[in-house]
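Colleague: Pasting a structure here, questions to come.
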Amino acid sequence: MTVSNPLIDSSGEAQWYFSQVKGTMEDEVNEADIISTVEFNEDGELLATGDKGGRIVIFQREQPTKSQLQQNDFNSLRTEYNVYSTFQSHEAEFDYLKSLEIEEKINKIKWLRRKNMAHFLLSTNDKTVKLWKIRERNKRAIIQSSSASSEYSHYQNHTSLMNGNITVRDDINGFIRTVSIPVVKYMDRIEVEAIPKRVFANAHTYHINSISLNSDQETFMSADDLRINLWHIEITNQSFNIVDIKPANMEELTEVITAAEFHPKECNLFVYSSSKGIIRLCDMRQSALCDSQAKIFEEREDPTTKNFFSEIISSISDVKFSHSGRYLCTRDYLHVKIWDLNMESRPVETYNVHDYLRNKLCVLYENDCIFDKFECSWSSNDDHILTGSYNNFFKSFNRNSKQELMFECSREQTKPRQQLRPKRVTSSNLSNGQANGNSSPLLNSKRNNLMNGKTNSYKDEVNVDNLDFTKKILHTSWHPKDNIIAIAATNNLYLFYNKENTNPTSSMASYISSCNSISSNSSINCFNTLSNSTFSTTPMNPESTASLQNSQNQLNQIQLNTSFYTAPSSGFTNPPNVQTQQASSQNTTMSL
């Protein structure tokens, strides 16, 4: 049984297109320009980025023009973002008591829910959290106006207007004074200003790695390596310590806090992850200091496979609640894992991000890349997961079809509306025609096409030895409502979109939205129904007809190859009896 997905076309490939790239394209990268965080606001109309120089750049979604609305030009509708505001959030500081330099790097940005015409966001560096107000106001200018009139009652009978100046007659001294009064006028231009409203400081001994806003929109928490503090948005001189894992003797320290986040709906619940690969769910209703967690999510490691790097690569770098609040998404060095809140023993889904690097952990340890902290993002409907990798690669995982695709943020794919071509990393033996001792006829045919000079229309293969570990995608963000993703690649911000998202009036999009609630017998029947019914009533341009015919040919080719071709195993692994446990867990409520 197959359910149609708006991100997947009839040929089974995700249709991602290039929209924009922000930043310079120079080879030399300034350290202060490296993007350190990316975050959409609640409706996706604004996108904020922070860099290592302490600056925050806010982009605003492009508004459709009247001509676009009249012509129904939805292909270019609202897929681009323009610079809205830029301001300096943090400055470099020096702690003289501890002889410690505090960097201005922006670690995290969180948007508050909008309540009036202004926007509010929280930003933090290693020590200080700030609340910023972003508002628009008319540009004011002080000018000399010839239309100025004197309406002051005291001088009403003794003033006259001459060349824009006000002349005042002084009857006592017997002479006339000329007074030039400036006039303030509002101009048509609107400027955006950022105003610091609150500064939350002096509460963290160690570096802040996470901030999270509560669902009540009144409190937020900030987490460092050993403690988590709870703040009220209106109180800056007081915070409550809700988690403290610092031992009495620092030599007994075995783990640190790596990430923390509030539940999206329950204001009393939050989770935090540790460097030992453990996720703890806490309930603030139990006690003021959440030393005893409500649930512990941990996957036991096989002792036979444990090695020197096991603890390093099992450290969780990011944890995110799904929009529904039912699932948790965690990212360690090699995997993305999905946890059900009703099952702590093992994750319900596990995806391999770059398992091909397992044989290169020694090299990654020597160049410190093994300590990189990758983030993960949920799609708006919680059906897809987005995360980054090396060589400017990023991966998307389809939770329904278990399909994984890898794309590249490259300067070569910066043409407007250019479709991204999936990438594939191969090992040395695969590039020579062998894959674990077996050779696939379909892979061999593709390889022969490459050797004969023919382009590979499906996937570009990259050898694992040719990966550039200096180019990495650590920070990603998915639009909260639409299929638009923001990818931070060093000092550049890439924006990609899905075409189905920007053409809601097309017959294909209407059919796909209806298929989300109707299951079909197979993807082939779904495609035949689409081609026979939907497109017969709607005129199509030659490009769409050619694309449809190409998709039909690819589908027929897949049917011919299924008798002798076994697809390579994807990164998805499902533990035994998980489906049974999931079915039973749906009828079980979480006990806290």
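The values are calculated or read from the model by the stated rules, or taken from the named source; none is laboratory data. Since the structure is predicted, the reported quantities are computational estimates derived from the model, not experimental observations. Methodologically, a virtual Cβ is constructed for each residue, glycine included, from the backbone with ideal geometry; neighbour enumeration extends over all protein chains shown. With ligands, DNA and RNA removed, areas are computed over all heavy atoms of the protein, side chains included. Shrake-Rupley method; radii C 1.70, N 1.55, O 1.52, S 1.80 Å.
Colleague: Given (1) open to solvent by 60 Å² or more (accessible area, probe 1.4 Å); (2) touching a residue at least 60 places away in the same chain (Cβ under 8 Å); (3) closer than 21 Å to ASN107 by Cα, where does GLN217 come up short, assuming only one miss?
Modeller: (1)
Colleague: Considering only the stretch 195-210, how many residues are crowded, with 18+ Cβ neighbours inside 10 Å, among the hydrophobic types (A, V, I, L, M, F, W, C) and part of a strand (DSSP E or B)?
Modeller: Within the stretch 195-210, residues that are crowded, with 18+ Cβ neighbours inside 10 Å, among the hydrophobic types (A, V, I, L, M, F, W, C) and part of a strand (DSSP E or B) number 1.
Colleague: Can PHE394 be described as open to solvent by less than 20 Å² (accessible area, probe 1.4 Å), part of a loop (DSSP other than H, G, I, E, B), among the hydrophobic types (A, V, I, L, M, F, W, C) and within 24 Å of ASN41 (Cα to Cα)?
Modeller: Values: open to solvent by less than 20 Å² (accessible area, probe 1.4 Å): yes; part of a loop (DSSP other than H, G, I, E, B): no; among the hydrophobic types (A, V, I, L, M, F, W, C): yes; within 24 Å of ASN41 (Cα to Cα): yes.
Against the criterion (open to solvent by less than 20 Å² (accessible area, probe 1.4 Å), part of a loop (DSSP other than H, G, I, E, B), among the hydrophobic types (A, V, I, L, M, F, W, C) and within 24 Å of ASN41 (Cα to Cα)), PHE394 does not qualify.
Colleague: Also, I was wondering about something else. Please specify each residue of the stretch 381-391 satisfying the condition of being within 16 Å of HIS475 (Cβ to Cβ) and outside any loop (DSSP other than H, G, I, E, B).
Modeller: Passing the criteria: ILE385, LEU386, THR387, GLY388, TYR390.
Colleague: Report every pair of residues separated by at least 6 positions or lying on different chains whose Cβ atoms are under 8 Å apart, first residue within the stretch 98-121 and under 18 Å from GLN88 (Cα atoms), second open to solvent by 50 Å² or more (accessible area, probe 1.4 Å) and basic (Lys, Arg).
Modeller: Here the result reads GLU103/LYS52; GLU104/LYS52; LYS105/LYS52; ILE106/LYS52; ILE106/ARG55; HIS119/ARG135; PHE120/ARG114; PHE120/LYS197, each pair linking the stretch 98-121 to a residue that is open to solvent by 50 Å² or more (accessible area, probe 1.4 Å) and basic (Lys, Arg).
Colleague: Does TYR327 fit the bill of being among the hydroxyl-bearing types (Ser, Thr, Tyr), more than 22 Å from ILE242 (Cα to Cα) and open to solvent by less than 30 Å² (accessible area, probe 1.4 Å)?
Modeller: Working: among the hydroxyl-bearing types (Ser, Thr, Tyr): yes; more than 22 Å from ILE242 (Cα to Cα): yes; open to solvent by less than 30 Å² (accessible area, probe 1.4 Å): no.
Taking the combined requirement at face value, the residue does not satisfy it.
Matching residues to (1) among the β-branched types (Val, Ile, Thr); (2) modelled with pLDDT of 65 or more:
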residue: SER4; (1), (2): no, no
residue: SER11; (1), (2): no, no
residue: VAL29; (1), (2): yes, yes
residue: ALA32; (1), (2): no, yes
residue: ILE35; (1), (2): yes, yes
residue: ARG55; (1), (2): no, yes
residue: ARG61; (1), (2): no, yes
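Colleague: Here is a further query. Hey, could you check the stretch 269-295 for residues that are without any contact (Cβ under 8 Å) to a residue 24 or more places away in the chain and among the hydroxyl-bearing types (Ser, Thr, Tyr) and say which is farthest from TYR327 (Cα to Cα)?
Modeller: SER287
Colleague: Something else: Does THR167 meet the test of being surrounded by 11 or more Cβ atoms within 10 Å (Cβ to Cβ) and either in a loop (DSSP other than H, G, I, E, B) or at pLDDT 95 or above (or both)? First the steps, then the outcome.
Modeller: Details: surrounded by 11 or more Cβ atoms within 10 Å (Cβ to Cβ): yes; either in a loop (DSSP other than H, G, I, E, B) or at pLDDT 95 or above (or both): no.
Here the answer is no, as THR167 does not meet what is asked.
Colleague: Here's a follow-up. For a quick check of your reading of the model, give me the residue pairs whose first member lies in the stretch 374-388 and is closer than 18 Å to GLU408 by Cβ and small (Gly, Ala, Ser), whose second is open to solvent by less than 20 Å² (accessible area, probe 1.4 Å) and assigned to a strand (DSSP E or B), with beta-carbon atoms closer than 7 Å and at least 6 apart or on different chains.
Modeller: Within 7 Å, the pairs are SER377/LEU386; SER377/THR476; SER377/SER477; SER377/TRP478; GLY388/PHE394; GLY388/THR476.
Colleague: Restricted to the stretch 341-380, and to residues that are in contact with a helix residue (DSSP H, G or I) (Cβ under 6 Å, 6 or more places away or on another chain) and not in a helix (DSSP H, G or I), which residue is least open to solvent (accessible area, probe 1.4 Å)?
Modeller: Filtering the stretch 341-380 for residues in contact with a helix residue (DSSP H, G or I) (Cβ under 6 Å, 6 or more places away or on another chain) gives 342-343, 348, 356, 364, 370.
Next, only the ones that are not in a helix (DSSP H, G or I) stay: 342-343, 348.
Values: ASN342: 40, MET343: 17, VAL348: 2 Å².
The qualifying residue least open to solvent (accessible area, probe 1.4 Å) is VAL348.
Colleague: I'm trying to understand the selection: among the residues of the stretch 264-311, which are of a type in the set (Val, Ile, Thr), outside any strand (DSSP E or B) and at pLDDT 85 or above? Step through it out loud before you land on a result.
Modeller: Of all residues in the stretch 264-311, those of a type in the set (Val, Ile, Thr) come to 271, 278-279, 296, 304-305.
Cutting the leftovers down to outside any strand (DSSP E or B) gives us 278, 304-305.
If the condition is that a residue be of a type in the set (Val, Ile, Thr), outside any strand (DSSP E or B) and at pLDDT 85 or above, then ILE278 is the only one that fits.
Colleague: Among the residues of the stretch 245-255, is any part of a strand (DSSP E or B), in contact with a strand residue (DSSP E or B) (Cβ under 8 Å, 6 or more places away or on another chain) and farther than 21 Å from LYS115 by Cα?
Modeller: So the first thing to find is which residues in the stretch 245-255 are part of a strand (DSSP E or B), and the list is none.
Scanning the stretch 245-255, I find no residue that is part of a strand (DSSP E or B), in contact with a strand residue (DSSP E or B) (Cβ under 8 Å, 6 or more places away or on another chain) and farther than 21 Å from LYS115 by Cα, so the answer is no.
Colleague: So how many residues does the stretch 276-304 have that are in contact with a strand residue (DSSP E or B) (Cβ under 7 Å, 6 or more places away or on another chain) and open to solvent by less than 20 Å² (accessible area, probe 1.4 Å)?
Modeller: Count: 8.
Colleague: With respect to ALA248, is the statement that it is among the small types (Gly, Ala, Ser), within 30 Å of ILE312 (Cβ to Cβ) and open to solvent by 40 Å² or more (accessible area, probe 1.4 Å) true?
Modeller: Details: among the small types (Gly, Ala, Ser): yes; within 30 Å of ILE312 (Cβ to Cβ): yes; open to solvent by 40 Å² or more (accessible area, probe 1.4 Å): yes.
Yes.
Colleague: Got a number for residues in the stretch 211-237 being of a type in the set (A, V, I, L, M, F, W, C) and either part of a loop (DSSP other than H, G, I, E, B) or at pLDDT below 95 (or both)?
Modeller: Applying the first criterion (of a type in the set (A, V, I, L, M, F, W, C)) to the stretch 211-237 yields 211, 213, 220-221, 223, 226, 228, 230-231, 233, 235.
Subset that is either part of a loop (DSSP other than H, G, I, E, B) or at pLDDT below 95 (or both): 226, 233, 235.
Going through the stretch 211-237 one residue at a time, the tally reaches 3.
Colleague: Can LYS320 be described as out of contact with any His (no Cβ under 9 Å at 6 or more places or on another chain) and buried (at least 19 other Cβ atoms within 10 Å of the Cβ)?
Modeller: Values: out of contact with any His (no Cβ under 9 Å at 6 or more places or on another chain): yes; buried (at least 19 other Cβ atoms within 10 Å of the Cβ): yes.
Yes: the conditions hold for LYS320.
Colleague: Name every residue in the stretch 477-500 that is of a type in the set (S, T, N, Q) and within 20 Å of ARG78 (Cβ to Cβ), in order of residue number. Can you show your working first?
Modeller: Initially, the stretch 477-500 is screened for residues of a type in the set (S, T, N, Q), giving 477, 483, 490-492, 498.
Once the filter is applied, which keeps residues that are of a type in the set (S, T, N, Q) and within 20 Å of ARG78 (Cβ to Cβ), the stretch 477-500 yields SER477, ASN483, ASN498.
Colleague: Being assigned to a loop (DSSP other than H, G, I, E, B), farther than 19 Å from ARG358 by Cβ and touching a residue at least 12 places away in the same chain (Cβ under 8 Å) is the filter here; which residues of the stretch 458-485 pass it?
Modeller: Narrowing the stretch 458-485 to residues assigned to a loop (DSSP other than H, G, I, E, B): 458-459, 467-471, 473-474, 479-483.
With farther than 19 Å from ARG358 by Cβ added as a condition, the list becomes 458-459, 470-471, 473-474, 479-483.
Scanning the stretch 458-485 gives TYR458, LYS459, LYS471, ILE473, LEU474, HIS479, PRO480, LYS481, ASP482, ASN483.
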